[in-house]
1. Which residues, taken from region B:643-680, are in contact with a Gly (Cβ under 9 Å, 6 or more places away or on another chain), more than 7 Å from every other protein chain (Cβ to nearest Cβ) and hydrophobic (A, V, I, L, M, F, W, C)?
2. Count, please, the residues in region B:525-581 that happen to be under 18 Å from B:THR488 (Cα atoms), within 14 Å of another protein chain (Cβ to nearest Cβ) and of a type in the set (D, E, K, R).
3. Taking region A:13-29, which residues are in contact with a Pro (Cβ under 9 Å, 6 or more places away or on another chain), polar (S, T, N, Q) and not in a loop (DSSP other than H, G, I, E, B)?
4. Those residues that are charged (D, E, K, R) and surrounded by fewer than 20 Cβ atoms within 10 Å (Cβ to Cβ), I need them from region B:232-258; list them, please.
5. With the requirement that a residue be away from every other protein chain (no Cβ under 11 Å) and without any contact (Cβ under 8 Å) to a residue 24 or more places away in the chain, what does region B:422-449 give you?
6. Tell me whether region A:93-107 contains one or more residues that are among the basic types (Lys, Arg), over 28 Å from A:LYS226 (Cα atoms) and within 14 Å of chain B (Cβ to nearest Cβ).
7. Does at least one position in region A:209-231 carry a residue that is more than 7 Å from chain B (Cβ to nearest Cβ), assigned to a loop (DSSP other than H, G, I, E, B) and surrounded by 23 or more Cβ atoms within 10 Å (Cβ to Cβ)?
8. On the basis of being closer than 17 Å to A:PRO680 by Cβ and either assigned by the TED database to the domain that holds B:TYR182 or among the basic types (Lys, Arg) (or both), does B:LYS144 make the cut?
2 protein chains.
Amino acid sequence: MPSNPEWVKALKPSGPQGSELLSQERAKSNLNIDQLADFMFTQEVLKRNDQILKILQADPVFDKSQNYFRGRISRIEAALARGKRLQQLQVKHRWTRDEYQTASDLISEPTPYGLHSSMFIVTLREQGTPEQHKLFLEKAEAYKIIGCYAQTELGHGSNVRGLETTATWNSDDKTFTINSPYLTASKWWIGSLGRTANHAIVMAQLFINDKAYGPHPFVVQVRDMKTHEPLPGVHVGDIGPKFGYNTMDNGFLLFKNVKIPHVNMLARFSSVDPSTSKYVRPSNPSLVYGTLTFVRSTIVLQAGSTLARGVTIATRYCAVRRQFQDRDVHEPGENQVLNYTMVQIRLLPLLAATYALHFTGKSMIRLYQENQKRMSAGDAGKLSDSNRGPGPEELNPGTDLLADLHSTSCALKAYGSTTAAEGLEVCRRACGGHGYSSFSGIGTWYADYLPTVTWEGDNYMLTQQVSRYLLKSARSVIQGKAAKNDTTRILIDFIRRRDIGCAFDVIGNDDDLVAAFAWRVSFLTFEALRHRDEDKQSWNSLLVDFWRLSTAHAQYMIVKNFHDALRDQNTKKQLDSETVSLLHKLFRLYALHTLEREASEFYSSAAVTVRQITLARTKTVMKLLEEIRPHAVRLVDAWKFSDWQLDSSLGRYDGNVYEDMFHRASELNPLNNVVFDPYPDSKTLFKKDERKDLRSKL
Amino acid sequence: MPSNPEWVKALKPSGPQGSELLSQERAKSNLNIDQLADFMFTQEVLKRNDQILKILQADPVFDKSQNYFRGRISRIEAALARGKRLQQLQVKHRWTRDEYQTASDLISEPTPYGLHSSMFIVTLREQGTPEQHKLFLEKAEAYKIIGCYAQTELGHGSNVRGLETTATWNSDDKTFTINSPYLTASKWWIGSLGRTANHAIVMAQLFINDKAYGPHPFVVQVRDMKTHEPLPGVHVGDIGPKFGYNTMDNGFLLFKNVKIPHVNMLARFSSVDPSTSKYVRPSNPSLVYGTLTFVRSTIVLQAGSTLARGVTIATRYCAVRRQFQDRDVHEPGENQVLNYTMVQIRLLPLLAATYALHFTGKSMIRLYQENQKRMSAGDAGKLSDSNRGPGPEELNPGTDLLADLHSTSCALKAYGSTTAAEGLEVCRRACGGHGYSSFSGIGTWYADYLPTVTWEGDNYMLTQQVSRYLLKSARSVIQGKAAKNDTTRILIDFIRRRDIGCAFDVIGNDDDLVAAFAWRVSFLTFEALRHRDEDKQSWNSLLVDFWRLSTAHAQYMIVKNFHDALRDQNTKKQLDSETVSLLHKLFRLYALHTLEREASEFYSSAAVTVRQITLARTKTVMKLLEEIRPHAVRLVDAWKFSDWQLDSSLGRYDGNVYEDMFHRASELNPLNNVVFDPYPDSKTLFKKDERKDLRSKL
């Protein structure tokens, strides 16, 4: 398509311009953006982001201008090229793991190397023996073999114990035979497997002499190292298009009695003794399962920044977009959409949530690291992870923080990722019609994020683990054998006061506000305990209650962590008092808005009165919206997303949203190189097709 | 990609097979599916659907097998071909409007003729004079000119009064000059405009002698009839990819002083007298605005079937999918996912909502038609539509049902389409990981439906109109001048009893259950009235309350309509008592589940007690889930979606979901014709590219 005609180039949006409106917004608030950003991310990290951004922007492989227009095959082709270049850059600049991650975040789409550089390498490192490191890990790190992690099957997602792929030990020739007895045994959803990997870590049911030993990890080569064609007995391919994540080649994989050597079973924790054919039991699996707690804590932290992208885009656009005049205030011109309370009530609590999740995630990771230190020092708590299913009630909230941390990470992973996913959709809709355009930059981001509510523990499944832990804690409290941690503290406090009542001043006193969230959790815990232990209700009949309980627990943890972060001496040292006071308003907005949304549980637990809820809703929350409103744009600016990363017309830092929308539609859009033949009876569909080359047609 | 190897073809899913499980499901229930379907849709319509389905399935143009794999340009190319064939079939089979619509529904994706066959032709018909019908409508109906309806602009979505495109009357040569003074004046989102239309009905601000007369419709030719290239002074094109709706060429359009003759202003309701240059005022605009009420009622009805597709897919798949064993019941094998209460609580209330919306939509359309008859008979109520903004409070709930119907249609359009959109996403997630695959059939359907929450009145904006009407009604009640309709009836009833209290038996008595919903609406109405009229709160500060009020009103209307439908003599005549009793359970599930979700408003209005809510939640709703569960598959079967229409692996009628997933991934997926070169330093990205031809590469 030719560029815009001269008369079109001469057109401006009608005034006031988006750039003027955003300048006004930024002038309205004194918030020190750099100070707040330094506090949240550290100067060092921000500087590093800038340096890496420059490198990526200078490289045409990472050019984003055609991203939204491409079909799946050319998208994944571009992503493969990017994955390769990223690896070259990592070698060239000697990027650390963190720097590589920063580059990936800036590119903001998965590449076909995604699972190789994460799960394949991590699993080899953590579950391989030194011999296996030499054999597989070193080659993987040098990208001489490309791998993936093949666990989920067509018929089995959450339930790892139900996997159908088998690995049968052959004592005669010291090999394992990997086999897929059913169609449902096909590995499915395996990232990087569809077209990219030539190796897979395959989780398969180990059989020795017809006895089953449960799922174990095996390294299996699946494609020829030269031709990259599937090996004999292997059927492998891409599982097709998805709602998002289409730059990744999620794959399927079937085996017909494929033999692999003994050394291919990852043997750090359990193994088969080749001489005796005896199974060697796992040693200290808690070290492995601890990783899950870390991964989930990272998801909580990322939930904050994931949501913050959407909130940044929507807040800036709602400050630029003007529709209608205020009904009561008769000023000339239309009103910024962000001035309407119906928009504020959708966006500003989400803005508050981004900060709440950030501080909560930070705190979780800090706790995890402290606990890892303690564990290395030998004080390890016993912990098992039943992530993928309702395992036995074996958690022991005894010796230390680990069980508590594990449960909290489950609750927060579930609630945090749901908040981010659903919040992004709220942001998209808050942009009105234009939110539906790919150029909003929210749709793709949302669609790519959605799997997070399912992986690393399905958000609904996880709530069972949380509840199991809370019930166990409550039993220990009743028996007077409670461990010392925050969960038992709030349960004990509740028991002490349940007959007296609580009378929290949730509007006037922050400690009371946090305490009301704790009260509700405790109330729901003892309710559930009564149903389970006294009324002997079935586990299945309580699943909905468990989900509510876990959600309540997560909300309490977020409110508490946000509150703690603001009271921290370090915070007060690094931030000026105005910033702390603004963050405090965000804390109150988050807490009171949540309290109001969940009003019925707060009532029925008698944590608050109906009058308090009504006041919170009609007065306090509305007042907070008004007070935060002038700082909204600066508060999203503090997240420091670059325009390149956001890739959004609506969320541009400079506010030139309409110019950018028009430019992308009119000058970048390949569909405009095609001239339709519009009449039903014509012979052709296109009168002209001026797309330059095959590549641009993909 | 070659077809599956023999050993793969020989594999079956592990048992029990999906087909066995769905057969068992259907055997568990006695529900007479055909009887229920006949009642909902009529035999005649169901038969017609089957006939049209056969025609479409036989035609390769409508083959769906590559739909999910195509990039945007080849998707829209296929859609254009389908639009053309559809038109040919309509001529060939002499399809009525309804039959054409049925065919479109079965194809289930927009085509580039979408806005031509709807808004362009309808607007010409309704707003054109006989002369204009001859000039434009006849050609449009013969597809000699292809058109669209160009209202929304880049800078103005909801607010029609703020449109910037101008139409200036030139008295000297009796023409109008159409002009886009700003970039933001560009028409935007205009369906069928991007590449297809050669004509547009352009909404532009009419100026006569420098005086503005507001937005009016003008027919403007935008492309050459032969070359299909834009005419001079016209800049037109496709606006680019969107979250969904990518088979439609939504377009942009800018004019540089384009002249059109006098006859091109659609002149049925208002016009410019060419000899005097005087503006001729609109006659009876209420006839036009009545159409909006009809369109919105249709959206309510469609919301039911839209959601029902997702519920059908998710319910069938959750009956086939098995994960984990029940914790308490130790049976061999895994449990059907549909047996878990956490899945039931997500799906079954949505199943109930599909029926609730269906009966409500039916009732709305019947009321509308009755009222149209009355209006034609001269008894027309005055009605103005402020759909696109907070207009003056001019509704007069005086003479008849129309104002009430209009308000109800706004409330129900907003709530019904939001319920359907968000419900579809719940269905997608209830399918677990596989819900994320395009082959689930929910993602695309959801993404294509999303614009409905914005168009025909943004769902948030509409709630202001509803509240304005309810406030006005409340004032009329207080003044003793109330019209006779259902709204004033419930308001009067509330005033009569507000000091006494209500004591509704919501669990034991259906009438009381409906009355509790009415009570809450009335309570919220008088609360809002007090804030507005006594406390003099600003309109803006009440927007959130208005949204809640409108939502409450919609929920009341749905509960009431569902209840009325079940009590109707006709229902009892056409359905056996077991079916009525099952529908009654769905009614109670819908009502009590809604009551429980909105518990805090029911409490604070004193419509129910805390104890009642607790009982409803923990006992009644859980019991209803258990009672409805065995009938779930038959209840979705009664919606009578064909597999071809659903185009879903997970939602297949026969339950062979895994075979179908595998077939699509392994044998239809074009990405598997490409062999990657996986090493970072290799020269190429693809080692092999065996996609057959250019077309398959698009």
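The values are calculated or read from the model by the stated rules, or taken from the named source; none is laboratory data. Predicted model only: the values in this text are computed from it and were never measured. Neighbour counts run over all protein chains shown; Cβ positions are idealised from the backbone, glycine included.
1. B:LEU646, B:LEU650, B:VAL657, B:LEU668
2. 2
3. Correct list: A:GLN24 only.
4. B:LYS256
5. Within region B:422-449, no residue meets the criteria.
6. No, region A:93-107 contains no residue that is among the basic types (Lys, Arg), over 28 Å from A:LYS226 (Cα atoms) and within 14 Å of chain B (Cβ to nearest Cβ).
7. yes
8. Yes; evaluated as a whole, the condition is true for this residue.
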